[in-house]
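Worksheet for the structure shown next.
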Amino acid sequence: MIELFKTQQFTHKGGRPNNEDYCGFVTLAGLSCWAVADGAGGHNGGEVASKTAVEAILDAFKAEPGLSVSHLKKYLERAQQEIIIKQKAPDTCSMRTTIVLLVSDYNNALWAHAGDSRLYMLKDGRIYFQTKDHSVPQALAGAGQISTEQIRGHQDRNRILKSLGTEGGVSATIMDVKVSVKKGDAFLICTDGFWDNITETEMEIDYAKSETPEAWLKHMRARIVRRVDGEYDNYSAIAVSAE
């Protein structure tokens, strides 16, 4: 039985004047919840959308903690509702956000996502699962028109097909089968500004030489800093390890 999760997170504005990413987590006696969001919208709408989504999800989780598809739907619906309310202001009328949500009872996990922020799960030091983006390049990769490696840097990389804050209710992919979590497993939840600048192989390499989530993020972030320059995107991540 897993006794605890270790978590480390960071968010950085990158080469942009504002940071439209937001992340956070809540740890309870029998459950934990983690969330990462990447907002978009005029003026300061992106910042408002991402923060609103993450805080709404964590508040909903604290009010009704649970590990089921219905619980995750409620958390996402709460975030959607809060964003719609704040869209009534002129400056935030067009705001929206990607989201990645992870919940675990320390034995099993479920997750959900909308947009191109990603969740990676590692088992035995290798990527066991990764979410598929809701984006035009991911759709092209799914149709066999480009390779998955060509998603990074694609000219339509920012064309997102699902997000919170769009009309018609919540449109997200929810993991509907609980995944067993064992000692040594790990999760990486990150925005596109993060994964766009580091490969999956590098994620695994840096995990292998890290004893803590803090060290893992430090190694990966060092790679990103060496590669980016100028007006590069916000980048944020949460690393979680099962102890």
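Per-structure values
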item	result
ALA89-THR148 pseudo-label distance in nm [points 7 Å out on the Cα-to-Cβ vector]	4.0 nm
Selected from SER171, ASN107, SER94, residue furthest toward positive end of dipole (the stretch 80-183; charges at beta carbon)	ASN107
Linear extension gain, LYS209 paired with THR173, 0.36 nm per residue minus alpha-carbon span	9.8 nm
Compactness of the chain - radius of gyration and Dmax, Cα, Å	16.9, 50
Packing-based order for 189-195, 100-106, 33-39, using average beta carbon neighbours within 10 Å, highest first	33-39, 189-195, 100-106
Share of Cα-Cα pairs in the stretch 73-138 lying beyond 13 Å, as whole percent	72 percent
Gain upon complete extension [ARG159, ASN44; 0.36 nm per residue less C-alpha separation]	39.4 nm
Tensor-based shape of the stretch 1-98 (alpha-carbon gyration tensor, a/c under 1.5 rounded, otherwise prolate or oblate)	oblate
Computed FRET value (nearest 0.05) for ASP124 with ARG227, which takes r as the C-beta separation and R₀ as 22 Å	0.20
Helical contribution to [θ] at 222 nm, DSSP H n ≥ 4, -39,500 (n - 2.57), averaged over the chain, rounded to 500	-9000 deg cm²/dmol
Pairs of lysines in the stretch 108-243 (C-alpha under 27 Å apart; 8 or more residues apart or interchain)	18
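Here, each number is a calculation from the coordinates, and none is a lab measurement. A quick note: this is a predicted structure, and the numbers were derived from the prediction, not measured. As a convention, Cβ positions derive from the backbone with ideal geometry for all residues, glycine included, and neighbour counts pool all protein chains shown.
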